[in-house]
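Worksheet: the structure to be examined is printed underneath.
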Amino acid sequence: MRWAEAYALQQELSEQRKRQEIGDQLLLVEHPHVVTMGRNGHMSNLIAGEEILARTGIDFHHTNRGGDVTYHGPGQLVGYPILDLNEWKRDVHAYVRAVEDVIIQTIGQFGLQGGRVEGATGVWVDGAKICAIGVHISRWVTSHGFALNVETDLQYFQYIIPCGLTLPVTSMRALGVSASMAEVKLALRQQFAKVFGYETEKQACLMS
């Protein structure tokens, strides 16, 4: 799904969630090549410039999520949780740490030891960033989310300074994991349910 379409869908679902018309949602998508700039971003971190990106076939969008500039593309698992934190914890810091926990536990199922870097948001393996996180929260309903590099072509990161940090990026495939996108997606869904406490409801549905 193109980034702009996914953004419009997030906005629609977020408003429905605020009105209590739907329950929590987790959108999992892959995007065509796109670079997005967060509300705290600096154009100096866009190395290529918008014209060069356009000639290379890479879309560019400003967005209302937190964080700086990032890249999305094929082979990257992008997750957009639409959650009402009034029903979980009204704590932005705890929410971001929980999303990081989801990723750490997901890649851990495939033998990778993920961790955090002090002063930086996201998940890292041996000093290289494997997952970027940028969120937006309105009336305690979340949007935007995370981007996990599963089998991403890392060459596309050359057009930006990812998240404004001059640190390397990596992917599960680059680290020797041969799992398919479908396998990673299933593992992530399971870990997301575990971290955010959805298992009880799921089990109850299965029992009924």
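Quick grid of which residues meet (1) under 17 Å from the mean Cα position of the chain (by Cα); (2) assigned to a strand (DSSP E or B); (3) within 21 Å of LEU175 (Cα to Cα):
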| site | (1), (2), (3) |
| --- | --- |
| ALA48 | no, no, no |
| GLU51 | no, no, no |
| GLY57 | no, no, no |
| PRO81 | yes, yes, no |
| ALA94 | yes, no, no |
| VAL102 | yes, no, yes |
| TRP124 | yes, yes, yes |
* **Selection within the range 60-72 - closer than 12 Å to HIS31 by Cβ and buried (at least 18 other Cβ atoms within 10 Å of the Cβ)** => THR70, TYR71, HIS72
* Of these, THR106, THR36, which one is assigned to a strand (DSSP E or B) and not hydrophobic (A, V, I, L, M, F, W, C)? -> THR36
* Condition broken by ILE82, with the remaining ones in (1) surrounded by 20 or more Cβ atoms within 10 Å (Cβ to Cβ); (2) at pLDDT 95 or above; (3) more than 17 Å from GLY197 (Cα to Cα) satisfied -> (3)
* SER138 over 24 Å from GLU30 (Cα atoms), modelled with pLDDT of 95 or more and in contact with a helix residue (DSSP H, G or I) (Cβ under 9 Å, 6 or more places away or on another chain) -> yes
* Asked: Given the structure, is ALA147 under 18 Å from ALA187 (Cα atoms), buried (at least 23 other Cβ atoms within 10 Å of the Cβ) and out of contact with any Pro (no Cβ under 7 Å at 6 or more places or on another chain)?
  -> yes
* To do: Name the one entry in ILE133, ILE160 that is crowded, with 22+ Cβ neighbours inside 10 Å and more than 16 Å from the chain's Cα centre (by Cα).
  => ILE160
* Restrict the check to the range 90-100 and report whether at least one residue is of a type in the set (A, V, I, L, M) and modelled with pLDDT under 95. => no
* Residue, surrounded by the fewest Cβ atoms within 10 Å (Cβ to Cβ), within the range 11-47, restricted to residues that are modelled with pLDDT of 90 or more and small (Gly, Ala, Ser) -> GLY23
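The values are calculated or read from the model by the stated rules, or taken from the named source; none is laboratory data. This is a predicted model, so every value here is computed, not measured. Ideal geometry is used to build each Cβ from the backbone, glycine not excepted, and the neighbour counts take in all protein chains shown.
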